[in-house]
Amino acid sequence: MDHDLWRQWQAFASLLSSANPAPQARSASDGGFGFAPFIDAAERFTVAARTILDGAGNASARTAEEAARTFSDFLREQFADFQMPWSAGLGAAGVQPAPMEDSPALGPTREHQQRWQRTAEAWRRIDDARRRLQRLWSDALSEAATAFAARIGPPRVAALSAEAVRKLYDLWIECAEEAYARAAHGDAFCEALSEFVNASSQWRREVQASIEHSAKLLDLPTRSEINTLTHRLKSVEEQLRAASKTRKPRAPASGAKRARRRAKP
Amino acid sequence: MTSAAIYAALAAASHCAAGCSQKEAVWQSGKLSLYRYRPIARPAAGGVPLLIVYALVNRPYMMDLQEDRSLIRGLLAEGLDVYLIDWGYPDGADRFTTLADYIDDYLVGCVDYILNTHRLNALNMLGVCQGGVLSLCFTALHPKRVRNLITMVTPVDFHSPADLLSKWVSKIDVAAWVGEGNVSGDALNQLFLSLMPFRLMHQKYVDLFAGSPDQDRIENFMRVEQWIFDSPDQAGAAFREFVLWFYQENRLVKNRLEIAGRKVDLHTVRLPLLNLIGKRDHLVPPAASAALQRLVGSDDYTVLEFDLGHIGMYVSARAQREVPAAIARWLAPR
């Protein structure tokens, strides 16, 4: 029986590869949250841990420290392209509008030109915010790598069991989460994330307006029209509910009352 | 080979369905379904039904995932008469559904149905996470219809220092974000994963493959995995109101919340209240829940803290042992 987690891992990765011939492609299409990048990273982690720590096992403290730093730098690089919301799907978001931000909008196409200018401006803001977030992510990884190198201690060959590699991995995750949390709670991250979302909202609004314009030319129903109808329907539903609540229910006649009524001549 | 066994177990478990307790849909309105669970034990004294108000985000089957991971089963075993609201999956036609619609129409409808069925004036209510916020609003607006209120991992103070979601959304133009549409469940998933990306997108799967290929463990994992990513889109108007009023403006704490034109004043909530908090909750920090004590007017207020995370409060083995029993013990004399 195979007790080595990382050998298990590699075997699992090869199984997945044989089950699906294009795991990377699948990963890209599902927004980066598939198994493939994670499996790759785990494999590379194992190989790097063994290579670097095995080599430094019998070396001086200084060399061991250097090895730990190299290992932590490796980890930082591995996670640099981790798929976060601000990086997922940007490539498929659409064609970047041609740069014409500064050209004055005149004549019959004025409104359309201005819309395209606003779209381009929104795209520029998205890209700028994305870069800021990526920088902060990278800084967090650097901080995590430094903390990891400091906490890893001198490597011992005897300790390089599957359990030891797993402990290293867990330590890296802990360092990475702590560093990321510090960044994520910071003003710079919050500002950049807000800007990313706000600019994306603006970009979507402008693109929606362009599509609606085209739809009207073809006499196709637009979202705005459907929204108007939905509002009207909801309003009617609310009026009906209010009317049914305020309508006084007829009190059912009691048995005695009915009897009295029947008794009247 | 162990990895092959894990792969096989994962493949075999990929279609296992969540939910184990028998239930019956007893009332419906729009996409909402109200379920009543079949009893599995002798009814507890009092017989006041317990209505579970789940969050709009995520699906309520987390409360009844599988036999050994079911809070509802635990409550049924304590003899409680359990009802559960399933809000359904909002679609484009629900984009203008507001919080007032959810609280003052759908929730009122469920409560009225139960009260009429049991010929009671008030029921017991258990609000979970965002459902706890809805329950608090409902109780403040309709105090006579709730006898005892239990809030579970419920945020009340949305500006507590550890609340990362609140910091992130503080400067987002939520009206522009939502526009006139719904908010995608996938987008929310990404947001939640981003709170702890290394643990939630990486380490979790290493743990999965590092463990044994035991079928029960794998099936449990897959059911939780299904629940995590089975995220309904959010009705746009209600989502906008929730982010603006609660996350950004913290209106519950500032006593400035109005639903359907009526003030929601937590000081008027004077009924017996049990507040269940997860000490390791990364979504709803303990301080965000604990703030409830200073805001409600209830003399009979109990807080129970569990050394669990947000999801652990529903499905951990420890939660199964402790949470239903604690609820039943608290309800018994009330």
Worksheet item: Do you know which of the residues in the stretch B:170-229 that are within 24 Å of the chain's Cα centre (by Cα) and acidic (Asp, Glu) is farthest from A:ASP170 (Cα to Cα)?
Response: B:ASP186
Discussion item. For a quick check of your reading of the model, give me the residue pairs whose first member lies in the stretch B:269-294 and is farther than 20 Å from B:HIS142 by Cα, whose second is of a type in the set (Phe, Trp, Tyr) and assigned to a strand (DSSP E or B), with beta-carbon atoms closer than 8 Å and at least 6 apart or on different chains.
Written reply: B:LEU276/B:PHE306; B:ILE277/B:PHE306; B:GLY278/B:PHE306; B:LYS279/B:PHE306
Worksheet entry | Per-region count, the stretch A:184-197, residues free of Cβ contacts under 8 Å to residues at least 40 places away in the same chain and either touching an Asp or Glu at 6+ places or on another chain (Cβ under 9 Å) or of a type in the set (Ser, Thr, Tyr) (or both) | 2
Discussion item. Looking only at the stretch B:193-217, filter to residues that are aromatic (Phe, Trp, Tyr) and crowded, with 19+ Cβ neighbours inside 10 Å; which one of those is nearest to B:ARG69 (Cα to Cα)?
Written reply: B:PHE209
Worksheet item: Across the stretch B:173-203, what is the total count of residues that are farther than 20 Å from B:PHE242 by Cβ and either of a type in the set (Lys, Arg) or in contact (Cβ under 8 Å) with a residue 40 or more places away in the chain (or both)?
Response: 2
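Conditions tested, residue by residue: (1) surrounded by fewer than 19 Cβ atoms within 10 Å (Cβ to Cβ); (2) more than 30 Å from A:SER72 (Cα to Cα); (3) within 14 Å of chain B (Cβ to nearest Cβ).
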position	(1), (2), (3)
A:ARG131	yes, no, no
A:ALA140	no, no, yes
A:ARG151	yes, no, no
A:GLU177	no, no, yes
A:PHE196	no, no, yes
A:GLU206	no, yes, yes
A:LEU217	yes, yes, no
Worksheet entry | Residue, nearest to A:ILE152 (Cα to Cα), within the stretch A:179-192, restricted to residues that are of a type in the set (A, V, I, L, M, F, W, C), out of contact with any Ser or Thr (no Cβ under 9 Å at 6 or more places or on another chain) and facing another protein chain (nearest Cβ under 9 Å) | A:ALA181
Worksheet item: In the stretch B:168-182, how many residues are assigned to a helix (DSSP H, G or I) and more than 24 Å from B:VAL264 (Cα to Cα)?
Response: 4
Discussion item. Six or more apart or on different chains, Cβ atoms under 7 Å: show the pairs whose first residue is in the stretch B:98-118 and in a helix (DSSP H, G or I) and whose second is buried (at least 17 other Cβ atoms within 10 Å of the Cβ) and hydroxyl-bearing (Ser, Thr, Tyr).
Written reply: B:ILE114/B:TYR83
Discussion item. Every residue in the stretch B:122-164 that is farther than 20 Å from B:ASP86 by Cβ, outside any strand (DSSP E or B) and of a type in the set (S, T, N, Q), please.
Written reply: B:THR139, B:SER160
Practice prompt. Could you please let me know if B:ALA287 is among the hydrophobic types (A, V, I, L, M, F, W, C), surrounded by fewer than 18 Cβ atoms within 10 Å (Cβ to Cβ) and under 29 Å from B:LEU191 (Cα atoms)?
Written response: yes
Worksheet item: Among the residues of the stretch B:37-49, is there at least one that is under 16 Å from the mean Cα position of the chain (by Cα), assigned to a strand (DSSP E or B) and touching a residue at least 40 places away in the same chain (Cβ under 8 Å)?
Response: no
Worksheet item: Looking only at the stretch B:156-192, which residues are more than 10 Å from chain A (Cβ to nearest Cβ), more than 17 Å from A:HIS185 (Cα to Cα) and surrounded by fewer than 20 Cβ atoms within 10 Å (Cβ to Cβ)?
Response: B:SER184, B:GLY185, B:LEU188
Discussion item. Given the criterion out of contact with any Phe, Trp or Tyr (no Cβ under 8 Å at 6 or more places or on another chain), within 14 Å of chain A (Cβ to nearest Cβ) and among the basic types (Lys, Arg), identify the matching residue among B:LYS204, B:LYS254, B:LYS263.
Written reply: B:LYS204
Response to the item:
Pairing a residue in the stretch B:8-21 that is more than 15 Å from B:ARG217 (Cβ to Cβ) with any residue that is surrounded by fewer than 17 Cβ atoms within 10 Å (Cβ to Cβ), where Cβ atoms lie under 6 Å and the two sit 6 or more apart in sequence or on different chains, gives B:CYS20/B:GLU67
Response to the item:
When (1) charged (D, E, K, R); (2) within 14 Å of chain A (Cβ to nearest Cβ); (3) free of Cβ contacts under 8 Å to residues at least 60 places away in the same chain are applied to B:ASP64, the one that fails is (2)
Worksheet item: All but one of (1) touching a helix residue (DSSP H, G or I) at 6+ places or on another chain (Cβ under 6 Å); (2) more than 10 Å from chain A (Cβ to nearest Cβ) hold for B:LYS144; which doesn't?
Response: (1)
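The numbers here are math on the coordinates, done by the rules we state, and not lab data. Remember, it's a predicted structure, so these values are computed and weren't measured experimentally. FYI the Cβ positions are ideal-geometry reconstructions off the backbone, even for glycines, and counts take in every protein chain you see.
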